[in-house]
Every structure is written in C-alpha cells, then in structure tokens.
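A.B. asks: Submitted below is the structure of interest, expressed as structure tokens.
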Amino acid sequence: MSILKQHRCPSRSLTHISTSPRLHLVARLTCSATTTTTKPKSSQNQLVIEPRLETKPDSITPIIPSVGPPLSNDPSLQSTWSHRAWVASGCTTLFFSLAKTVTGAADTHMWFEPIVGGYVGYVLADLLSGVYHWGIDNYGDATTPIFGSQIEGFQGHHKWPWTITRRQFANNLHALARSITLTVLPIEILCNDPVIQGFVIVCAGCIMFSQQFHAWSHGTKSKLPPLVVALQDAGVLVSRSQHSAHHRPPYNSNYCIVSGVCNEFLDKNKVFEALEMIIFFKLGVRPRSWSEPGAEWIEEMDEAQSQVTVH
C-alpha cells in the first residue's frame, strides 16, 4: 500500500504587458507536486497558463479631443461692431484717396501717369500678398508676436479652407482695413501728387480686399456674383482653379491671392525657394514646406456640402 501526499502551492497571477498600450495579458499560474513513499519518482511540475485579457485605461497616453472646424454660427466667423467700424474707416480712407487722385489728375490734365501708377500698385499688391502669405505659411506659430493669430488662422485655413466662405465680410477684412487706415491716411494728408495717389489707392485697395478675393477663390461659380465670376475668368481676380494648386501637396506654390498674376513668375523662377535657402543658411530656420505635411495641413472635406439630399 502506498501513501501518496499531494502538495499544492498557492495560485499566483502573472501580468504580462503587451506591446499594445491598452491591453494587458493576465495569466494564472498553478503548480502541483506529487510524491510517493514506496518508489522514488521524479517530481512533476505542471505549469498551467490561463490567458485572460483585461482592458484598462491608458495612463500614459493622454486622450486628446479632436478639434473640428468652426460651425456656421461660430462667433469667430461673425462680424462685430468693431470689425464693421474698421472696415468703414478703411473704405472711407480709400474713397477720399480716390477723390484726391481724380481731382489732382483733372487739375493737372494728367491722366495717363496716374493710371500707370495704379497698374503698378495693382501688380505690387499681388506680389505683396504672395510674400506675406508665404511668410506666415512657413514661419512662426501661434506664439509669434503680432502675427501669431494670423499664422494660426492660416494653418487652420489649410485644414478647413472652405470655412473662409462662411466668414462674414467685416470679420474677414477688419484687420487689413485697420492697417490700411493707419498707413494710407497720413499719405493722403501729406501728399498731393496724383501719380502717387493713384498708386496708393489701387495698391492699398487691393491689399485691403485681398482676403475677400481669397474667399471668392474658394467659392463655386454658381454661388458667386456674376461680376466676380467675369473678373476671375478675365484674370483680374485670382480664380478657384488657380488658387486650388496652393492647397495641394507640397503646398509651396501659388501664394499670391489678389490676381495671381505674379504666381507664374515666382514659381517658375523658384523665388521663394531661393529665399528659404537664404534664411536657412543665415538663420538655420527651416520652412514648413520642407517637411512632410502634418495632420494640420491635410484638408478635410466639408461634410455639409458633401451630403446629398435625395427627394
């Protein structure tokens, strides 16, 4: 007769953390040993692993809520009385500058020179809009002094470009209208030359309304005024087909947003790429266009426009 003794060790739990940040593999370990007094036998150790998955919240990776585009009734898209006041001030300043140009040209019987000056101002406004657009697209961030909010706004514009069409008129123009008022008013007071006034009125006017031209370039022809469509087709204002190239990778062309007349020259001759190289070698600062587009640059579709209503 043999006497058997059986020993059991307490159950233990082994926790194995998998490579996934949210799944943990828990195994239960049971060991048993059987011995006999009549005949020596080798001990048998049995290792039993019972896999069990437990879901636990991830304490390492924070959950960051996604930020969506502003809604149509978002206050950031609405005009305030302050916005309207600055736009009215800018328009008034431009009107008096135009009146002074016409009066000066009539008094001196000189019409051709002011017209040429106006055309130069028109081309220069397109160029300046491109330089400014290139600068805030590629350098700085939301913490940059003076330009931080505009840089942040243009980054959001690349992700949701269609939101500019929902911005109210004064909301879209007030910042430029304020700058034009403070810049053009002293020139208007101190200068009586109709040629200079002709240059200033056209250049300042195109810069002030450049954001509206920009908004129209994101609109569909069926929703735009016929006059705007005609000016776009004639190349006087930047068109949707031309500006859409700026919103495709690598996002480093077609920066000008008044008429787009300077885009071909700037892109063909790689003017902005040359400036980027100079800044990099002098200051060691890389433009954003040299990097792979991040999530903030990938355009999201307008869900409101993509939905099709079936009657």
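A.B. asks: Over the heavy atoms of Thr92, what accessible area does a 1.4 Å probe trace out, to the nearest 10 Å²?
C.D. replies: Solvent-accessible area, nearest 10 Å²: 70 Å².
A.B. asks: Can you put Ser210, Ser76 in order of accessible area, largest first, using a 1.4 Å probe?
C.D. replies: Ranking Ser210, Ser76 by accessible area, largest first, yields Ser76, Ser210.
A.B. asks: Placing one identical point scatterer on every Cα of segment 73-288 and ignoring solvent, what is log10 I(q)/I(0) from the Debye formula at q = 0.08, 0.19 Å⁻¹?
C.D. replies: Here log10 of I(q) over I(0) equals -0.31, -1.48.
A.B. asks: Give me the number: length gained by fully extending Ser241 to Trp81, i.e. 0.36 nm times residue separation minus the C-alpha to C-alpha distance, one decimal in nm.
C.D. replies: Result: 54.2 nm gained on full extension.
A.B. asks: So with the 1.4 Å probe, I'd like the accessible area per residue for segment 73-288, rounded to whole Å².
C.D. replies: Roughly 52 Å² per residue, with all protein chains present.
A.B. asks: Carbon and sulfur: what percent of segment 73-288's accessible surface (1.4 Å probe)?
C.D. replies: Ligands and nucleic acids excluded, carbon and sulfur give 69 percent.
A.B. asks: With a sphere of radius 12 Å drawn around the Cβ of Gln150, what net charge do the other residues whose Cβ falls strictly inside it have (Lys, Arg +1; Asp, Glu -1)?
C.D. replies: -3
A.B. asks: How much net charge surrounds Gly219 when only other residues with a Cβ under 11 Å from its Cβ are counted (Lys, Arg +1; Asp, Glu -1)?
C.D. replies: +4
A.B. asks: Ordering Tyr139, Tyr132, Tyr119, Tyr251 by how much accessible area each has at a 1.4 Å probe, largest first, what is the list?
C.D. replies: Ranked list, largest accessible area first: Tyr119, Tyr132, Tyr139, Tyr251.
A.B. asks: Here's a follow-up. How much length would be gained if the chain were fully extended between Arg248 and Leu190, taking 0.36 nm per residue of separation minus their Cα-Cα distance, in nm to one decimal?
C.D. replies: 16.4 nm
A.B. asks: Find which of Trp160, Val228, Ile180 sits farthest along the positive direction of the dipole of segment 73-288, computed with +1 on the beta-carbon of Lys and Arg, -1 on that of Asp and Glu, about the Cα centre.
C.D. replies: Of the listed residues, the answer is Trp160.
A.B. asks: Could you compute how much accessible surface Asp233 exposes when probed at 1.4 Å, giving the result in Å² to the nearest 10?
C.D. replies: Accessible surface of Asp233 is approximately 100 Å².
A.B. asks: Given axes a ≥ b ≥ c from the Cα gyration tensor, I'd like to know whether segment 143-236 is rounded (a/c under 1.5), prolate (a/b larger than b/c) or oblate.
C.D. replies: oblate
A.B. asks: OK, next. Does segment 88-144 come out rounded, prolate or oblate, given a ≥ b ≥ c as the square roots of the eigenvalues of its C-alpha gyration tensor, rounded meaning a/c under 1.5 and, failing that, prolate meaning a/b above b/c?
C.D. replies: oblate
A.B. asks: Suppose R0 equals 45 Å. What FRET efficiency, 1/(1 + (r/R0)^6) with r the Cβ-Cβ distance, do Lys282 and Tyr119 give to the nearest 0.05?
C.D. replies: About 0.85, to the nearest 0.05.
A.B. asks: Taking 0.36 nm per residue of separation and subtracting the Cα-Cα distance, what length does fully extending Leu182 through Ala88 add?
C.D. replies: In short, 32.5 nm is gained.
A.B. asks: Contact order normalised by length for segment 73-288, with contacts defined as Cα pairs under 8 Å and 6 or more residues apart; what percent is it?
C.D. replies: 29
The values are calculated or read from the model by the stated rules, or taken from the named source; none is laboratory data. Everything quoted here is computed from the prediction, not taken from an experiment. When we count neighbours, we look across all protein chains shown, and the Cβ atoms used for this are built from the backbone with ideal geometry, even at glycine. Ligands, DNA and RNA are stripped out before the accessible areas are found, and what is left, the full protein with its side chains, is counted by its heavy atoms. Shrake-Rupley method; radii C 1.70, N 1.55, O 1.52, S 1.80 Å.
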